[in-house]
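Some notes on the structure that comes next.
The values are calculated or read from the model by the stated rules, or taken from the named source; none is laboratory data. The structure displayed is predicted, hence computed values, not measured ones. Please note: Cβ atoms are built from the backbone with ideal geometry, for glycine as well, and neighbour counts cover all protein chains shown. What goes into the accessible areas is simple: the full protein's heavy atoms, side chains included, and nothing from ligands, DNA or RNA. Shrake-Rupley method; radii C 1.70, N 1.55, O 1.52, S 1.80 Å.
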Amino acid sequence: MKYIFLLFIGCLFSCGAQNSLYINLDEAPIDGGLQMEDYWVWGSSVIKGDDGLYHMYASRWPKMLPFHPGWMVASEIVHATSKTPEGPYQFQDVALGDRGTQFWDGKSCHNPKIVKYKDTYILYYMGSTHPFEAVTEANVSDFDLSSKWCIAARWGKRIGIATSKSPNGPWKRQNEPVLEVEPNSYYSFLTSNPSPLIKEDGSVVLLFKGRSYKEDGVSQSDMSIGVATAPSFDGDYTVIGDEPLFSMERFGEVEDPHLWSDDAGYHMIAKDQRGLITGGKGDGLVAHSENGIDWIIDENPRAYTKTVKWNNGTTIKQGQLERPFVFVENGKPTHIFFATMDGPGGFNNGTKTWNMVIPLKK
């Protein structure tokens, strides 16, 4: 498969017109989104139910654990609702939680994306497990990226789905992931961060994050973004091509892609991990497609920066601003949701995380 990308790097700082997302970012409501005391909260996805409520699915894990890598061993996906897209969202229940180390997703469910096809709600997510005792206050001092828990949980990350006839659940989880790793590929180590787009005929385009094993057979590569397709959400998923859409060798390292469609076609927003595409480390980029597989990056690709204007009159550069999710209603994008953190930047330097939302002016 030949991927078509048009990068206009020379125009990044000289061309005057910005893309429509960037110029239409409004003030963020200070009390919007979802916050939960005693929990780290991350990565939301929102859908409007037949009940007229807005249903959010987000990751959380206890603040007894460090933010990173606590999510690897204790994240669960929670369900919250609001009468408006902005929120604030109120916690309702745990949609996907701990179900035992024997399951592929038994100890961590993370990075949810909610979609609906006909009468079925489909919750895509990353799952993982480990074969050890739980991390508690008694042994948390032994817990870090090099600990037994994280070594097992990290290489066990896979993409799966859960389904329900209602946004309130109950959710039926599968016994196997829908996207496994492949030896000698750019996703030989893990698959994660699913972003699905279900077309009118029910077929699926799925962007995902992959990492491969390095030559030492132990450590992992930088992140790559690939694309897979399936005839239906519960069908067989096939990765398209041998090369990723984005990688350090191909345009730059990108994370957290999100797909959506509207009256103008297919679109993608993602975090530019190192700033090689937008010029700003951690800024968002935007791209467009006619088929969901071949992508054209905007001439002016920057979709957002970490500097947020709040509706209380303050402007703050957030410590982290990740997991962008564009909410579409009546065929038009109306809001962008983000996972965010306070502090100067860096996962170890924040004291609070929450899911925030920025309305779009148009």
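Brief remarks on what is shown
- Counting charges near R173 (Lys, Arg +1; Asp, Glu -1) among other residues having Cβ under 9 Å from its Cβ returns a value of +1.
- Distance between modelled label sites at S141 and D263, nm, 7 Å Cα→Cβ extension: 6.2
- Computed helical MRE - 222 nm, the chain, DSSP H runs ≥ 4 contributing -39500 (n - 2.57), nearest 500: -1500 deg cm²/dmol
- Considering only I161, P66, H110, the residue lying farthest towards the positive end of the dipole of region 20-359 is P66, judged by Cα position with unit charges set on Cβ.
- Highest mean first, the peptides 132-139, 100-107, 154-161, 189-196 sorted by other C-beta atoms within 10 Å per residue fall in the order 189-196, 154-161, 100-107, 132-139.
- Each other residue within a Cβ distance under 12 Å of Y125 adds +1 if Lys or Arg and -1 if Asp or Glu, for a net charge of +2.
- Solvent-accessible surface of protein heavy atoms, probed at 1.4 angstrom with all chains present, puts R323, R250, R173, R274 in the order R274, R250, R173, R323, largest first.
- Its Cα gyration tensor gives the chain an equivalent ellipsoid; the semi-axes, largest first and in whole Å, are 27, 24, 22.
- Excluding same-chain neighbours fewer than eight residues apart, the aspartates and glutamates reachable from K118 by a Cα-Cα span under 16 Å are D50, D51, E200, D201, D234.
- Of K157/K199; K83/K306; K199/K332; K48/K113; K116/K199, those spanning more than 18 Å from alpha-carbon to alpha-carbon: K157/K199; K83/K306
- Once the Cα-Cα distance is subtracted from the 0.36 nm per residue extended length, the E176 to V94 segment shows a gain of 27.5 nm.
- The figure for T307 is an accessible area of roughly 70 square angstrom, using a 1.4 Å probe on the protein chains alone.
- Dipole magnitude for region 20-359: about 520 debye, using +1 per Lys or Arg Cβ and -1 per Asp or Glu Cβ, origin at the Cα centre.
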